[in-house]
Structure formats: C-alpha cells, structure tokens
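Peer 1: Mind having a look at this structure? Questions to follow.
Any read-out appearing in this document is the output of simple, stated calculations on the displayed coordinates, not a laboratory observation. Computed from a predicted structure; not experimentally measured. Cβ placement follows ideal geometry from the backbone for every residue including glycine, while neighbour counts extend to all protein chains displayed.
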Amino acid sequence: MTRLSLLIVFFGITFSLLSQTKHAILVGIADYPNNEKKHQTWNDLSSDNDLVIIEKMLLEQQFKSENINILKDADATTVNLSLAFQTLSKTLKKDDIVFFHFSGHGQQISDVNGKRLKIKNKQLEADETDGLDEALVMYNAPLLTGSAFKKVNYSFENHFVDDQLNYHITNIRNKIGANGQVIVVIDACHSGTATRGDDEAKIRGSKETCGPATPSKDMLADTTFGFGTDFSYNLDENAGKLVAFFGCKAEQVNREITSFSKGYGSLSWFLVKAMKDLDKKASYSNLFSEIRKHMVLRFNNDQHPEIEGDDLNQLIFSGDFIAQEPFFTLSEIDVIDVGLNAGQIDGLLEGDSIILLDNTATSPEGQKPLRKGVVTESSINSCMVSLDEKISRNQNDPVLYRAFKTSDALVKHTIKVKIDLKSAFKSKFENKFNGLENIVIVKKDYDYVICEDKKSGGVVIKMEKSANEILRNMDPLSKESGNLYDSVLLIINEASKLKLLRKLEFENTDYDFEIIVKKGKESKTLLSEADLCKLKQGDILYFYVRNTGTEDFFMHLYNLTSDGKVEMEKDRINGRIIPGKRVPANGKEVEITGFRLSKAGMDQYNFIASYSRIDLTPIYKLGTDLSKVSTRGGEDNPFLSLINKNMSGTRGDALESAEMNLKSLIFDVKPKK
C-alpha cells in the first residue's frame, strides 16, 4: 500500500470516529404502582439509584446529556419506550453508538404475536418453542398469573416483550452500520419470588408466568426462566455490532445490593465499578470479566451474569473508552475542611496530598485544582482533609466535587534490625540497608536479628521475642546467593506487617456484632470482663458472636500471640485453615471456634466480619513461613490489600470501601503454676 493510500485510510478512520455520536436510553422503575384492583402489586426496587450511577458513568464517557433519554417510574411505559426507540432511530447516523439500559422487574408471558402488539413485523408471531415470551415489566404492568389472568382482559400491552425489543434494536443496528455499536444492559430477571421489605433481599422479577395457568397443546413446558432475547431478525449484512449484558443466568435470581445505605441493581453497580477499573484499551470481554469476578465473589458463587454479542473482543465504545482515574467522593464540607468517603482501606493516610476537581473529572492530569489539601486524620473508611483555601457557602455541596490523591505521604513504618554476622557480610548488609527509609540498623531493642545458622552456615532471621528461634519453616539462605540481600529484606518487610495487624481499627455498623467468650471443655462457662483478666496458660476458650447489624456476614478470627506469631483455627481432621463462618443477622449466638491459651503473655484476638469469605492464609504465614511467601489471596483480598496499602501508601478504590468490621480482645495470659 502506498503512503498516500495509508494516509487516506488513516484520515477516513479518524473522521469516522470523530463523527460518532453516543446515544442512550435509560429505563428505571423503582416506584411501581400499588393498586390491587388493577393487579399492580409489583414490589418496589432501587432502580432510581441505578439511573443516577449509570447516567453519571455515561457523562464521564462523554455522552452528552441531551443525547441521554431517561424514562423513570410513571414515564417508563411501553408506549413511551417504543416512542423513544422510534425517535432515536430517526436521528441516528452511520457509526453511532447506542446504549440501552433497563432496571426493573422481568417476567415471562404467554407467547404473543405482532398483531396483538400492533407492530408490523413477521417476527412477532407465536415463535417461541416453549410457548413463552420474555418481557420487561413496565410501570403499569399487572402481576397476573394463572386463574387471575382469565378474569381480566389483558393483551400484554404494558409488558415490553422481547420481540418488541428485538424489533427496535435490529432497526438501530441496521441504521448505524458495521462501525456502529449497540450495548444492551438488562438488570432484571424473572426467577425467584419478588419480596417486600428492607429485611429481605430484593429480587427483580417473578417466576410466575403472566398468562393462562395451562398453556395450549402446541406449547412445550418451559424449562428456563431467563430473559432470552434474539436481536438478529431481519438484520442487514453490514449491521452494527451488538453486546448484551444480563444480570444472572436463566435459573438464578438477580439480587440488589446495598452500599452506603443505598440499594442498587447488582449488574448496574458492578458495571459502573468495572468501568472505573479498566484500562484505556479495554474490550467488552474485559468488561464482562471484571463484572463477573466481583459479582461471583459478592454473592458467594450464587449469581452469575451473562453476556451475548457478535464480537466480545471489540473495544468499548469503538475504542473511545475513557479510563477513570481512582477518585474519592466527599461526605461533608466545613469551610476549610472536607470529609472523604474513603480512608486507610483506600490507601489514604495522614499527610497524603489531595486536590478537588469538578464531579465529572476523569483524571487529575492537566486539570487546574479547585482546591488543594492534605489529609489530617484517617480512619479505616473516612478521612478529613485540610484545604489551602475556604469553600464559599454557595459551593458547599459535597456532590459538586471529586477528590484525587496526587502524592503519598512518607510512610514511616520503621523496622529496627540488628546484624549479627561476621564483618564481611555485616558490612554488605549495612551498605544495602543504610539507604532504605524504613530500615534502621540497631545494636539492641531490635525487631529482627540477621544471624548465621550454626548447622548450615546460611543466613537466618530471628524475632525480637524469640531470639533463640528461627522464623518457623524458614530455610537458611545461602551466603553465595545472588539475591541474598533482597530475600532477607522481603522476609523482614513481610514479617513486619504483624505490627500493623495489632494496630488496625475499623468499624462498619452494617456488620456489627457482639463477642461472647466461654471457658471450659465439657460445661462451658460464660466469662465476664473481669474473668478475662484471670486467664492462665492452658485454659480453653470458646468464642461466639451475635450478629447485631443489618447484613449477614462471614466471621474470621486469628490470634496474635505474645511471641509475634499468628494462630488460626484449623480443621481438626486435615489440619487446613477453616474459612469464615456465615453469621445470619438474626441475633442468635453462633459458635466460631475454640482456642487453647498455649503461651503466657499478651494475646490479641482479632475478629473480622466481612460480606464475603477472606483467604487469611497469607496472614497466617506472616512471621512464620516467610521464606516461602505466599501470594494467594493477593489483589482480590480486601484485608491483605488494606495491610499492603498501609505499608506502601498506594491509592485504593472508593467504590467498595468499608465492607468489613473489626473488633479485638486482648488477654494478659498468666503463666501456669
């Protein structure tokens, strides 16, 4: 190809991308009508919150507000949605991008044809092999099933049937051509039973079919409850590409989640979170992987989203995806100080530098700060920032701003090390460690001592409290090893995280609990606070918790012993560490584990309540098996991430902070006489 031809192709592609317009139709029904006479008895949802975060995400992706059509509650009718699709179709050009999002209930209905729906399309016939269509439950749709259906004259005019959606999506795809994209997100389902009340999980749909109790003879029994759609009828050869996201598998329920006391559709929430976590050159396959990862973890493998599409490796928004730099939201403004909805778990420590930008900013690069500030106080999930300039009274709404961290404070997690080696190696270690800010070489009052193993002649590390004991299971390091000094430094840094384990404090009342301690083996005796000061070496304790919060949680427990080690409950049969035990929010006592007080001194027991199970195996290995440092649990482990962020000051993600609660009990165990 000649240089001129290349230039023509390049400018053709560039012009195509520049001419793209991004359009969106968002439908959210939170406040369904409650009219038993009209059989309008669908439970209310949190779809209004979905609309807020989805619209905000689209604005960040440079969708213009005038191109985002929102149908909410009473406006979200079948007539209005059909009109919205028709109006949009008239304005579309080649290469445009269309985003359709529905948050509400879903349901199966008796298979209907185009004549009944008043749409002239051969596709809209009795075309379903199972005799059932899938439908979006619009605002004024009745909840009719079985015998109740026979008593009313209902033609499904208030359900938006999959055939209708197919018809409009196909028209759009034909209009925008091969370089255009259509993204469909359906945060609904029709499996499980709809529930009412704040104490029960909200599920988006009903598995009861809207139609006769007994289908006609030519209808097969339905074997699925999923929202199955086909967006390809009468599709042009050069039609735009489609990607569709669904909240769950056919046989699963689609749950809502709660974050910061607000409900959200799980697919909507994790879609927004995934968009914030992706790099610039991300595909829809990358996006789905992120959504699925978080959703499966959150619901303990009980809900799996699904994706369909022509080419899942195509770039999001035709490559015009704007990556979101991590940011933090404001909780309050007090003239010269602001509070952030983020803290230590998000990597915000005292001394970190913060800037405030407009609430639609995607990156601090090249932006002029509205205000600058420094973190003055930091707890687990919140912090206070002192600003360089006051915020006026008419600008004191926290939602107007986003906070970005621009630099870390110097994290002074000092580790005192004694080097007890012969002069040649001692000098080399001193030269290696002298330039490090967090390592101080001392002669006494040390945290760790580096010395020679008498049996092998290799280098080993011992702890302050057990100078005669090598770190458990640590293999001596050869003096001839090329990475001897780096290996020793890694082991010391990992072991020093034990200090942070003792200092951690964080609270989330959604996962609040009461700790109950009993002593004994056969007949267990309830202990008072006074009794906890009288414990002796060899005593057996049993720990119970009572969930006093609003959410079910998983309880984890580990013991920080007086000699700087970690003890955890193990399976009595195969010796493995037992994962967190589920504790329902019903106020009943749940036994967690039993511990024998094997050593005298100060024992600290840390209890962690979290929304999902946490792999604490790497915690167990801190200070013990550090010559074989495990990475299991790694980046997806919120507790390990917390410790690592406190060590390094790296920035975190504010979207899912404060999903844990920690409480400690400290016993001064007396020696056994």
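Peer 1: If we sort 50-60, 160-170, 481-491 on the protection proxy, mean other Cβ atoms within 10 Å, highest first, what's the order?
Peer 2: On the way: 50-60: 19.7, 160-170: 23.5, 481-491: 15.7.
Ranking the peptides 50-60, 160-170, 481-491 by packing returns 160-170, 50-60, 481-491.
Peer 1: Show me, for the range 519-532, the HN-Hα J-couplings you get by feeding each phi into the Karplus relation (A = 6.51, B = -1.76, C = 1.60, θ = phi - 60°), rounded to Hz, glycine and proline as x.
Peer 2: Once rounded to whole Hz, the list reads 10, x, 10, 7, 9, 8, 9, 5, 9, 8, 4, 5, 5, 5.
Peer 1: Would you give the gap between the C-alpha center of the range 50-105 and the C-alpha center of the range 575-609, rounded to a whole Å?
Peer 2: So the two Cα centres are separated by 49 Å.
Peer 1: Right, another one. Mind listing the long-range amide H neighbours of Ile592? Cut-off is under 5 Å, sequence gap 5 or more, other chains count too, H placed in the peptide plane at 1.01 Å from N.
Peer 2: Under 5 Å from the amide H of Ile592 lie the amide H atoms of Phe543, Tyr544, Val545, each far enough along the sequence or on another chain.
Peer 1: Note the full-extension length gain between Lys426 and Lys599 as 0.36 nm times their separation in residues minus their Cα-Cα distance, in nm to one decimal.
Peer 2: Values: separation 173, 0.36 × 173 = 62.28 nm, distance 3.39 nm.
Additional length available on full extension: 58.9 nm.
Peer 1: Moving on. Just how far, in whole angstrom, is the range 356-408 from the range 289-316 if you go by their alpha carbon centroids?
Peer 2: 33 Å
Peer 1: Also, I was wondering about something else. Please list the non-local residues whose amide H lies under 5 Å from the amide H of Gln537, H modeled 1.01 Å from N, same-chain partners needing a gap of 5 or more.
Peer 2: Lys670, Lys672
Peer 1: Could you give the length gained by full extension between Ser528 and Glu308, i.e. 0.36 nm per residue of separation minus their alpha carbon distance, to one decimal place?
Peer 2: Values: separation 220, 0.36 × 220 = 79.20 nm, distance 5.82 nm.
Contour length minus Cα-Cα distance gives 73.4 nm.
Peer 1: Right, something else. Once phi is turned into ³J(HN,Hα) by the Karplus curve 6.51 cos²θ - 1.76 cosθ + 1.60 with θ = phi - 60°, what whole-Hz value does each residue of the range 303-312 show in order, with x for glycine and proline?
Peer 2: Values per residue, Gly and Pro as x: 9, 10, x, 10, 9, 10, x, 6, 8, 6 Hz.
Peer 1: Order of 597-603, 552-558, 532-538 by packing, highest average Cβ count within 10 Å first? Don't jump to the answer; show the numbers that get you there.
Peer 2: On the way: 597-603: 16.3, 552-558: 21.7, 532-538: 13.9.
So the order, starting with the most tightly packed, is 552-558, 597-603, 532-538.
Peer 1: Hey, another quick one. Can you tell me how much longer the chain between Asn35 and Lys454 gets when fully stretched, taken as 0.36 nm per residue apart minus their C-alpha distance, in nm with one decimal?
Peer 2: Values: separation 419, 0.36 × 419 = 150.84 nm, distance 8.37 nm.
Net length gain for the segment: 142.5 nm.
Peer 1: For a quick check: with amide H placed at 1.01 Å from N, whose amide H comes under 5 Å from Arg371's, ignoring anything fewer than 5 positions away on the same chain?
Peer 2: For Arg371, whose amide H was placed from the backbone, the distant partners under 5 Å are Leu356.
Peer 1: Compute the FRET efficiency between Leu315 and Ser89 as 1/(1 + (r/R0)^6), taking r as their Cβ-Cβ distance and R0 = 41 Å, and round to the nearest 0.05.
Peer 2: Numbers: r = 24 Å, r/R0 = 0.60.
With R0 = 41 Å, the Cβ-Cβ based efficiency is 0.95.
Peer 1: A further question on this structure: Rounded to the nearest 0.05, what FRET efficiency is calculated for Lys536 and Glu237 with R0 set to 51 Å and r the Cβ-Cβ distance? Walk me through the numbers before you get to the answer.
Peer 2: Numbers: r = 82 Å, r/R0 = 1.62.
Calculated transfer efficiency: 0.05.
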